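None of the figures in this text is laboratory data; all of them are computed from the coordinates on show. From a predicted model like this one, the values you see are computed outputs, not experimental measurements. Here Cβ is always computed from backbone atoms with ideal geometry, including for glycine, and neighbour counts include all displayed protein chains.
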Amino acid sequence: MSAKQVGLLAPTVLAIGSFFLACGGPSQTLPSSGLVIDGVQREYNLFVPNNPPDTPMPLLIAFHGGGGAGETFPQQGEFEVLGQAEGFLVAFPQGYVDPGNEGEWQLNTRPDAHHDIDFINAMIDEIARNHSVDTSRIYATGYSLGSMFIYEVACQMSGRIAAVASLAGTMPISPAACEPERYAPIMHIHGADDGLIAYGNTWDWKAWDEVGEMRDIPSLIEYWRAKYNCQNTRETDSNAGTHFVHDMCEQGARVEHHRVNGIGHNWPDRINGVSTHQVIWNFVSGFTL
């Protein structure tokens, strides 16, 4: 599909955003909290385990796909059950279609377009005021458009976010700004058969002039491997796909990638026999600031 076929009008962007939401569900039932950021009312939902532990709790932030505001996050129930069992909080910030945004999340943070990063920083501050948060163990994950925003988090918030995991997204070939304060470990999961954000092709048919062409997945992984100066690489193949690990990186960072066979632009239930939510938590929870 060409840019001309997609068009450049806001209603079309919203339609594309809805296309991003390959899985969802009924509206969330978690309590909602509001913050005013740059004059805009922003919302988030927060899961808090019953009988929280006496020690400070990790916080996982989950960024929804396009059109997913108010919908359940993929495997949200599983994340909540895991949070209950292991004693961590899960925040679900709600995106906002700000003028100039590429859908509901800003994908090319600049000094004049910092509203989503400001929102997430303020949300973390508010959660930490109201709950006992282990600020050395704050993590982020995202799906589709939210997966794309994960790379804004890695570029702009690595001083607060210990590790990130993204699924079915990518990032600009030429980001406006990506000089991270520290090297946050990254896991990227992507379906080999993704028909929307193709695994092996750059992505340039969207109506987002603010972002420009976006990376194919091998070059996405190579971008972070090179930035982190990872010295060791290994691959493990299976019928389910290929698991790439880049380690011996500067600052103790790590870049992992799951190329999942037989999966399109959707959230897989399992990866190599392990529930995807558990794969994500196993990765991010192994790191601290």
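Annotations
- Loop GluC sites (Glu not before Pro), segment 186-276, which have at most 16 other Cβ atoms in a 10 Å radius of their Cβ (DSSP): E210, E213
- Relative contact order (percent, whole number), segment 155-289, Cα cutoff 8 Å, 6+ residue spacing: 29
- Here is the tail figure for segment 79-148: Cα pairs spaced more than 22 Å apart come to 31 percent of all pairs.
- Cβ-to-Cβ counts within 10 Å put I186, I120 in ascending order as I120, I186, the fewest first.
- Cβ crowding within 10 Å ranks D209, D98, D134 as D209, D98, D134, fewest other Cβ atoms first.
- Taking the average, over residues, of other Cβ atoms within 10 Å as the packing measure, peptides 276-285, 48-57 rank 276-285, 48-57 from highest down.
- Dipole axis of the chain (+1 Lys, Arg; -1 Asp, Glu on Cβ), positive-most option in H258, A62, P268: H258
- Each label was represented as a point 7 Å from its Cα along the Cα-to-Cβ direction; for T242 and T202 these points are 2.2 nm apart.
- Its relative contact order, with pairs defined as Cα atoms under 8 Å and 6+ residues apart, puts the chain at 18 percent.
- Residues in segment 66-83 carry Karplus couplings, in order, of x, x, x, 4, x, 9, 5, 6, x, 6, 4, x, 5, 4, 5, 4, 5, x Hz; the curve used is 6.51 cos²θ - 1.76 cosθ + 1.60 with θ = phi - 60°, and Gly or Pro positions show x.
- Sequentially through segment 217-225, phi angles give Karplus couplings (6.51, -1.76, 1.60; θ = phi - 60°) of 6, x, 6, 4, 5, 5, 4, 6, 4 Hz, Gly and Pro residues having no value and appearing as x.
- Debye, to nearest 20: dipole size of segment 75-160, +1 on Lys, Arg Cβ, -1 on Asp, Glu Cβ: 220
- Taking amide hydrogens as placed 1.01 Å from N in the peptide plane, the amide H of I61 sits under 5 Å from those of A91, Y139, A140, T141, each at least 5 positions away in sequence or on another chain.
- A Förster radius of 35 Å, combined with the Cβ-Cβ distance separating D54 from D269, puts the computed FRET efficiency at roughly 0.55.
- Assigned charges on the beta-carbon of Lys, Arg, Asp, Glu; the chain dipole about Cα centre (debye): 320
- Segment 97-209 shape via C-alpha gyration tensor axes, a/c threshold 1.5: prolate
- The chain shape via C-alpha gyration tensor axes, a/c threshold 1.5: rounded
- Of all DSSP beta bridges in the chain, antiparallel share, percent nearest 5: 55
- With θ taken as phi - 60° and the Karplus curve 6.51 cos²θ - 1.76 cosθ + 1.60 applied, the whole-hertz 3J(HN,Hα) list for segment 95-100 is x, 9, 7, 7, x, x Hz, x standing for glycine and proline.
- Considering only Cα atoms, the convex hull volume of segment 179-289 works out to 117 Å³ per residue.
- Amide H within-cut-off set for W203, under 5 Å, with H built and near neighbours excluded: M214, R215, D216
- Using just its DSSP H runs of length 4 or more, each adding -39500 (n - 2.57), the chain gives a mean residue ellipticity at 222 nm of -7500 deg cm²/dmol after division by all residues.
- Relative contact order computed over segment 56-171 (Cα-Cα under 8 Å; 6+ residues apart), in percent: 34
- Long-range amide H partners of I189 with built H, under 5 Å: S166, L167, A168, H258
- Between L289 and Q231, the FRET efficiency estimated from the beta carbon spacing at R0 = 22 angstrom works out to 0.45.
- Taking label positions 7 Å along the Cα-Cβ direction at both N282 and L35, the computed distance is 3.2 nm, reported to one decimal.
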